[in-house]
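To keep things clear, I will list the structure first and then write my remarks on it.
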Amino acid sequence: MSKKRFPLRIPRFAAGIRAQELRSGSSRTWWARRWLEAIEPMGFGGRLARGRNYAISGQIVSIQMKGPDVIADVVGTRPDPYRVNINFSIPDEKVRESIVSDLRAEPMLVARLLADEMPMEVEEIFRRYGVALFPGGKIGPRKYDVTIDCSCPDWANPCKHSCAVMLILGEEIARRPLTLLELRGIITEELYDED
């Protein structure tokens with residue numbers, strides 16, 4: 001029985017956002033490595049490698065982050081870019097307020113976050129309330145605490161386009177870890193003491 005062969009499909013050229021850390025194959029921060037470890041078991045499989053190629057070659061031409069919602073346009077083989085929508089679940093209001101309160105109670109944690117460093121204690125605070133800081137945690141009937149959708153015709157979800165977006169998000173989080181809190185519904189201004 002011969003294996004069915006599909007034609008080679010090469011994506012169109014795009015001068016978009018290019019991954020930097022992925023080129024070297026290693027992440028310089030523990031939270032960037034933790035992000036990669038968290039997304040690998042989310043069903044990306046072989047698409048993660050293809051997504052990595054898309055991220056390195058600059059196929060993502062736009063990305064917008066508004067709280068837990070991420071919208072990106074990724075150039076593939078068709079003339080129009082594919083639209084990727086990613087939504088991160090956020091803790092309910094009471095839990096979110098408790099997390100913010102615990103962070104404010106530790107001014108050095110907030111100072112380190114504002115200095116673009118992610119203290120390990122932040123993940124512990126999230127864990128204390130039974131919610132995940134990094135993606136991949138299970139929530140209620142949903143398989144994961146992240147919803148991913150792409151306009152491409154690929155039947156698999158997540159596809160290589162959404163993998164590329166998740167990898168670029170990981171690089172943004174490596175540079176600015178507060179982005180991870182924003183994806184969980186906590187904005188920077190909430191971390192400042194109100195007094």
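In which sequence would I99, I63 go, from the one with the fewest C-beta neighbours within 10 Å to the one with the most?
Values: I99 23, I63 18.
With the sparsest Cβ surroundings first, the list reads I63, I99.
Could you run the Karplus curve 6.51 cos²θ - 1.76 cosθ + 1.60 with θ = phi - 60° over the range 82-87 and give me ³J(HN,Hα) per residue in whole Hz, x for Gly and Pro?
Once θ is set to phi - 60°, the couplings for the range 82-87 become 8, 9, 10, 10, 10, 10 Hz.
Please arrange W155, W30 by how many other C-beta atoms lie within 10 Å of their C-beta, fewest to most. Could the numbers behind the result be given before it?
Working: W155 6, W30 14.
Ascending number of Cβ neighbours within 10 Å: W155, W30.
Seen from all sides and averaged, what is the projected area of the convex hull of the Cα atoms in the range 47-133, in nm²? Mind showing how you got there, number by number?
Values: hull surface 30.2 nm².
Hull-based average projected area comes out at 7.5 nm².
Roughly what would the spin-label model give for N53 and T77, points 7 Å off Cα along C-beta, in nm?
Those two pseudo-labels are separated by 1.1 nm.
In debye to the nearest 20, how big a dipole does the range 21-187 give about its Cα centre with +1 on each Lys and Arg Cβ and -1 on each Asp and Glu Cβ?
Working: 23 positive and 22 negative charges, 85 e Å.
For this selection, approximately 400 debye.
Going by how many other beta carbons lie within 10 Å of each one, how would you line up C163, C150, fewest first?
The most exposed by this proxy come first: C150, C163.
All of the numbers you see were taken from the coordinates with simple rules; none came from a lab. All figures in this text were calculated on a predicted structure; none of them were measured in a lab. Heads up, the Cβs are rebuilt from the backbone with ideal geometry, glycines too, and the neighbour counts pull from every protein chain shown.
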